[in-house]
Amino acid sequence: MKIACVSIYDPKREKDFGVYTHHWIPTLESQFESVDYIHNFRHPLTYPTIVARAVYYKKLLKKYYSPRTDAILVRDQGRQLSRKLSKLNIDAVLSLESPAAQPIAYVDTDKPIVFWESGTFAALVDFYPYYRRSTMCDRTFEDGLANEKSALERCRLAVYHSEWAAQSAIQTYGIDPQKIRIVAPGGNFESNFSIDDVDAVINARPSDRCKLLFLGVDWERKGGALAVQVAQQLNDAGLPTELSIVGCDPPADEPIPDFVKPLGFIYKWSPEGREKMVKLLSESHFLILPTIADCFPLVFGEVSAFGLPSLSTKVGGVPYAIKDDWNGKTFALEANADEYCAYIMNLFMNYQAYKELARSTFQEHETRLNWRVATKMVKQLISELV
């Protein structure tokens with residue numbers, strides 16, 4: 001089966017497509033006879049209008065304006081995409097991660113279209129801190145909704161990472177639930193561990209002290225302050241605890257307790273970075289990420305490859321990533337450090353239960369939270385349309 005893979009980003013460039021480049025794209029390519037990438041859209045005629053609108057909304061009105069969501073740009077992408085698709089020998093079109101700016105929104109093609117997204121634009125508004133409706137200009141909000149609705153109407157199938165995202169599409173746009181499927185993503189860092197390897201890693205973790213890992217690039221949104229509070233209370237309760245922080249740094253104007261170990265950003269695809277990450281993920285007891293807004297953090301799939309349970313919140317698509325007491329635990333957004341500590345302490349007092357949780361976490365990776373399983377499922381869905 002031959003497909004065209006469409007995005008506003010270049011899936012082959014990490015600078016554009018981010019961490020997806022390392023595992024999602026190579027795994028996706030392995031499932032199909034050929035994959036033609038379409039992403040290089042040019043807008044010489046519409047660019048002056050976009051620049052003028054950016055100045056007007058950002059400089060004069062002090063409002064958030066998204067050029068990539070502007071309908072004039074997305075419609076132009078649709079025209080370009082239509083021409084490019086007409087020249088390709090393909091069976092289907094797969095649109096990847098371009099929320100509210102899918103080039104397929106206004107495309108003209110007779111090939112079946114499937115798009116694969118982590119969330120909807122509608123669900124992001126007033127959910128992510130930088131997507132506040134009060135600071136967003138009307139054009140970005142209205143065009144974002146219109147583009148997404150058109151993309152959903154044109155596609156034969158919409159694949160989302162979670163039930164949360166799927167329900168947003170159904171409730172906001174009135175999309176037929178039969179048109180929607182849910183496929184969880186994988187991570188972008190693999191252990192290549194066997195079950196015996198993971199058992200050895202789990203058994204090597206000490207039962208008399210706790211190692212927590214905070215892994216995120218946004219300290220505030222990912223709940224860094226609460227992670228520190230949890231570590232502090234565990235230490236106060238008599239369980240020696242260390243919190244390693246990767247991806248960001250605690251606020252510079254606040255004292256850093258001795259038990260907090262800021263490690264900065266680790267580029268995990270370099271040999272040195274990989275070695276550091278394997279050590280951290282193998283030796284830690286829990287990933288703690290009390291996020292206040294997320295669609296489906298890929299990190300949950302990454303850490304599960306090491307048998308590392310995740311502690312997070314019941315927001316967005318997180319509850320679809322973490323199955324309570326199977327590969328971690330989700331807590332109410334309002335939960336305080338006491339609730340996290342009680343859960344951790346209970347498992348340390350019954351350490352065999354912790355080991356069983358860690359083993360089932362690895363099982364969840366092997367059966368669901370990896371790109372091999374995800375891309376195979378999407379391939380099957382596409383083949384049913386061709």
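Spread over its residues, the convex hull of the C-alpha atoms of the chain is 145 Å³ per residue. At q = 0.18 Å⁻¹ the log10 of I(q)/I(0) for the range 301-370 amounts to -0.65, computed by Debye summation with a single uniform scatterer per C-alpha, solvent ignored.
Stokes-Einstein diffusion for the range 75-127 at 10 °C, viscosity 1.306 mPa s, with a Kirkwood radius from C-alpha pairs, works out to 133 µm²/s. When restricted to Cα atoms, the range 195-367 yields an Rg and a Dmax of 14.7, 45 Å, respectively. The three principal axes of the C-alpha atoms in the range 1-87 carry coordinate ranges of 50, 30, 15 Å, sorted with the longest axis first.
Over all distinct Cα-Cα pairs of the range 123-276, the Kirkwood formula returns a hydrodynamic radius of 19.7 Å. The range 319-386 and the range 254-295 have their alpha-carbon centroids 18 Å apart. Anyone know which of Ser66, Ser244, Ser30 comes out most mobile in the 10 Å Cα GNM of the chain? Highest fluctuation among the options: Ser30.
Dividing the C-alpha radius of gyration of the range 56-175 by 2.2 N^0.38 Å, with N its residue count, gives 1.09. Evaluated over the range 195-367, the count of Lys pairs having alpha-carbon atoms less than 14 Å apart is 8 (only pairs 8 or more residues apart or interchain). Taking the number of Cβ atoms within 10 Å of each Cβ as an exposure proxy, the fewest-first ranking of Ile256, Ile90 is Ile256, Ile90.
Every number in this text was worked out from the coordinates using simple rules, so none of it is lab data. Every value quoted in this text rests on a predicted model; they were computed, and no experiment measured them. Here Cβ is always computed from backbone atoms with ideal geometry, including for glycine, and neighbour counts include all displayed protein chains.
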